[in-house]
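Peer 1: My questions will all concern the structure given below.
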Amino acid sequence: MNIFVKKLLKSLKSYLSITLNLPFLYQKPYFSQEGEDLIIQKLFSHKKNGFYVDIGAHHPFRYSNTYFLYKKGWNGINIDPSLNIKKIFGKTRKRDINLELAIDKKNGKKILYIFEDAALNTLSKTNADEVISSRQSKLIKTISVKTQRLDDILKKYTKKIKQIDLLNVDVEGFEMNVLESSDWAYYRPKVIVIENINKDLKLRNYLIKLNYSLIAQTNSSDIYAQK
C-alpha cells in the first residue's frame, strides 16, 4: 500500500468517525489490566512474529499481557498452576505451549492458595493472608502443585528459539523466586514485565544488576528492557 493510499484511508477514517459518530473505528483490542500491553505493543511495533514466556498467565484473555501479541502472530509459553489451565489455554491459544505448574527455585511441590478471584491465586502465604484479611476475595481451598525451575522449562521448550522477546511475570508475591530460578547468563529476554505492586526495591535492584533498565511503570507493574 503506497503512502498516498494510506493517507487517503486515514483521512476517510477520521471523516467517518466524526461525521457518523463512530468512535469504535479508533477502538483497539487491548487486554491488560492496566494497559501494559499498550506499552509492549509500542516496544515491539514492528515485530510480527515474536516469542513470549508468560508466568502466572491466569487466563487466555482476562488481564493478559500477551494475548494482543498472540493475535498479532506471536507464540510462546504460558505457565500457571491453577486447575484446568492447560485445558483452557489449549482451546484458545493453540500455537502456544501451555503448562499447568508453578515456577520456583527448586523442583518439587508447593501449596497453592486458590481464591474465588483466580487472578489472586498465589504460592505466597504472606500474600494469601493479605488477601484474606483485606477481604479482597474468599479463599476456596489449598492444593499441592508441581514446581519447576524456569531455566529447566526454557531448556526443554526453547531449543529452537533464538531469542525470548518478552518475559511476563505475575505471580502474586512470588516474583523473586521466579527470577532466581533462571539462568540469566544464558536466557536474556529483551523485555521483562513484572508485577511489583509494593514497589519492592529488591526486585528492581536484582534486574538492574542483570543489566536491565526500568523503562516504564503502571500502578502494578514494572517494565524493563535490556541495556
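FYI, it's all coordinate maths here, none of it is from the lab. Bear in mind the structure is a predicted one, so any value in this text is a computation, not a measurement. Here the Cβ positions follow ideal geometry from the backbone for every residue, glycine too, while neighbour counts run over all protein chains shown.
Peer 1: Of all DSSP beta bridges in the chain, what percent run antiparallel (nearest 5)?
Peer 2: Working: 19 of 37 bridges.
Bridges in the chain are about 50 percent antiparallel.
Peer 1: Something else now. What's the exposure ranking of Thr147, Thr142, Thr122, Thr218, going from fewest to most Cβ atoms within 10 Å? Before the final figure, lay out each step's value.
Peer 2: Details: Thr147 20, Thr142 12, Thr122 24, Thr218 17.
Ordered by Cβ neighbours within 10 Å, fewest first: Thr142, Thr218, Thr147, Thr122.
Peer 1: Once the other residues with Cβ under 15 Å from the Cβ of Asp129 are scored (Lys, Arg +1; Asp, Glu -1), what is the net sum?
Peer 2: Around Asp129, the surrounding residues sum to +1.
Peer 1: Here are some pairs, Lys110/Lys227; Lys48/Lys209; Lys6/Lys87; Lys13/Lys72; Lys10/Lys94; Lys42/Lys209; which of them have Cα atoms lying more than 32 Å apart in this structure?
Peer 2: Too far apart for the 32 Å limit: Lys110/Lys227; Lys6/Lys87; Lys10/Lys94.
Peer 1: Express in nm, to one decimal, how much length is gained between Phe61 and Lys105 on full extension, taking 0.36 nm for each residue of separation and deducting their alpha carbon distance.
Peer 2: 13.1 nm
Peer 1: If you rank Leu25, Leu101 by fewest surrounding Cβ atoms within 10 Å, what's the result?
Peer 2: Details: Leu25 12, Leu101 17.
The most exposed by this proxy come first: Leu25, Leu101.
Peer 1: Next question, about the same structure. May I have the extent of the alpha carbons of the chain along their three principal axes, as whole Å values ordered from largest to smallest?
Peer 2: Computed over the chain, the largest-to-smallest principal extents equal 59, 41, 36 Å.
Peer 1: Which trypsin sites (Lys or Arg not before Pro) in region 172-210 sit in a loop by DSSP (not H, G, I, E or B) and have at most 11 other Cβ atoms within 10 Å of their own Cβ? Display every interim value, and only then the final one.
Peer 2: On the way: sites: Lys190, Lys199, Lys202, Arg204, Lys209; in loops: Lys190, Lys199.
Filter output for region 172-210: Lys199.
Peer 1: Could you check the spin-label model distance between Lys10 and Leu139? Points 7 Å from the Cα along Cα→Cβ, value in nm.
Peer 2: Going by the 7 Å Cα→Cβ label model, 5.5 nm.
Peer 1: Using 1/(1 + (r/R0)^6) with R0 = 30 angstrom and r between the beta carbons of Glu180 and Lys125, what's the FRET efficiency to the nearest 0.05? It would help to have the intermediate numbers written out before the result.
Peer 2: Details: r = 18 Å, r/R0 = 0.60.
So the FRET efficiency works out to roughly 0.95.
Peer 1: Local charge sum around Gln163 (other residues, Cβ-Cβ under 9 Å, Lys/Arg +1, Asp/Glu -1)?
Peer 2: So the environment of Gln163 carries a net charge of +2.
Peer 1: Here is a further query. Distance from a point 7 Å along Cα→Cβ of Gln217 to each backbone N in region 156-194: keep the residues under 14 Å and list them by number.
Peer 2: Once the point is set 7 Å along Cα→Cβ of Gln217, 194 turn out to lie under 14 Å by backbone N, inside region 156-194.
Peer 1: Quick query: amide H of Ile140 versus all other amide H atoms, modeled in the peptide plane; which residues come in under 5 Å with a sequence gap of 5 or more or a different chain?
Peer 2: Under 5 Å from the amide H of Ile140: Ile114, Phe115, Glu116.
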